[in-house]
1. To the nearest 20 Debye, how big is the dipole of the range 263-368 about its Cα centre, given +1 on the beta carbon of each Lys and Arg and -1 on that of each Asp and Glu?
2. Just to check, using Stokes-Einstein with a Kirkwood Rh over alpha carbon pairs, what's the diffusion coefficient of the range 248-404 at 4 °C and 1.567 mPa s in µm²/s?
3. Between Asp227, Asp200, Asp104, which gets the highest mean-square fluctuation from a Gaussian network model of the chain, Cα cutoff 10 Å?
4. Leaving out ligands, DNA and RNA, and with a 1.4 Å probe, what % of the accessible surface on the chain is carbon or sulfur?
5. Using +1 at the Cβ of each Lys and Arg and -1 at the Cβ of each Asp and Glu in the range 1-153, identify which of Thr28, Leu79, Tyr16 lies farthest towards the dipole's positive end.
6. How large is the Rg to Rh ratio of the range 255-323 when both quantities use alpha carbon positions and Rh follows Kirkwood?
7. In square nanometres, what is one fourth of the surface area of the convex hull spanned by the alpha carbons of the range 1-115?
8. How far, in degrees from 0 to 90, does helix 143-153 lean away from the longest principal axis of the Cα atoms of the chain, to the nearest 10?
Amino acid sequence: MEQRYWLINVRLESGYRVEDNAVAGTETEVGHLLIEDGKITKIVSADDPIEDRLPQLDAGFRLALPSFIEKHCHLDKTLLGGRWRAVTPVKSIIGRLDEEKSFDQSRTIAIRESAANYLEASLRSGATHIRTHVDIFPEVGLSHLEEIQHALGLYKDKLSCEIVAFPQQGLLRSGAEKLVREAVRNGAAFVGGVDPATVDGDLEKSLQAMVTIAAEEHAGIDLHLHDPDRLGIFTIKRLAELTVEAGLQGKVAVSHAFSLGDIPASQAAEMADMLAEAGISIITSVPMGRKFPPVRLLHDHGVSVAVGCDNVFDIWSPFGNGDIMERAGRLAEISGWSDERSLGQALGYITGGLTPLDETGVQAWPKAGDEASLVLVEASCSAEAIARRSKRAATLYKGTIVAGSLERDR
């Protein structure tokens, strides 16, 4: 496609329809977007004639949403495209780690191939940014990193990405500190970790090692924290202290953080204020059958919260399809968000906070100057798209269609 063209007949949200002092629906209007060099440079009403001779691509009156962010996945673990296998029961996380340590020998599909299958699924779902954890431990060295970098390289014109150097076997437990540092020097943007107390066996030493590597290598941190209740809360508090001491505010995330869902709301609010002050974000996979962080409470206290699919058909879980909007719909459903405003705002957890309407109903996206990364959806509004997991017709990355098509089904 040429670098300058009009995307015409795009449905855009313009505000909420209010009846009896309550939001009763979402208003939309149809517009044309001028796309130049990967950005939206002009937005006009569909009633206004286009007088230039630039190419036109017809969106067919589909709803435009900002493209999505997959904030937590494991591209090197997925087996998408490979032979079916269910999960082998184990007695503890250590048993699963032992299984995974030698699993590469029994894979039926190469890492780079299954990763590509996952990326295709993500693009179809509407995601154009991926944060992936990649296993780093002595038995595999940097081989997983190299495989994932190869796969991501094939998609460099279709999406953006971040890599977390993830010591799945434990940063200390597996002696992976030097390897993780090397991975960061070879392209990973984040230092990972997992349960410093229960997996590594030394909470303080494990956190200190993560923070030291991140600070010295100018990287961020993304910690898997499954530990519940007091242990999990103590870990988060200590990480927040170390984050501020090292000047890493805004560069640290805690994934899962189940402990935030195990405490009373009053204590969760105190934790939220601390997290916001330390610039620590929370990422949840919205598990079923397990309490998870109070997303709305954290958001209201200024904490950046995101959703990720996490494990998709691997030795940890046989479930999942890589559809990040499905996961946002699950968040809304479990949280009991069924009204128009709450459903529409749920979109923000998979877009980095960007929604077509802000929380007051004022149009917030798109604006001239925004990157032309968007998804065109068969829905009347964001609320319907989230609740009904509506069909994504096409995904655009910087103005180029990277998944789907705008052709109508016959």
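1. Dipole size: approximately 140 debye.
2. The diffusion coefficient I find is 77 µm²/s.
3. Asp104
4. For the chain, the apolar C and S fraction of the accessible surface comes to 48 percent.
5. In the range 1-153, that residue is Leu79.
6. So for the range 255-323, dividing Rg by the Kirkwood Rh gives 1.03.
7. 14.0 nm²
8. Helix 143-153 and the main axis of the chain meet at about 10 degrees.
The values are calculated or read from the model by the stated rules, or taken from the named source; none is laboratory data. The model shown is predicted, which means the values in this text are computed figures rather than measured ones. Glycine also receives a Cβ, built like all others from the backbone with ideal geometry; neighbour counts cover every protein chain displayed. For the accessible areas, the whole protein counts, side chains as well, though only heavy atoms, and no ligand, DNA or RNA atoms are used. Shrake-Rupley method; radii C 1.70, N 1.55, O 1.52, S 1.80 Å.
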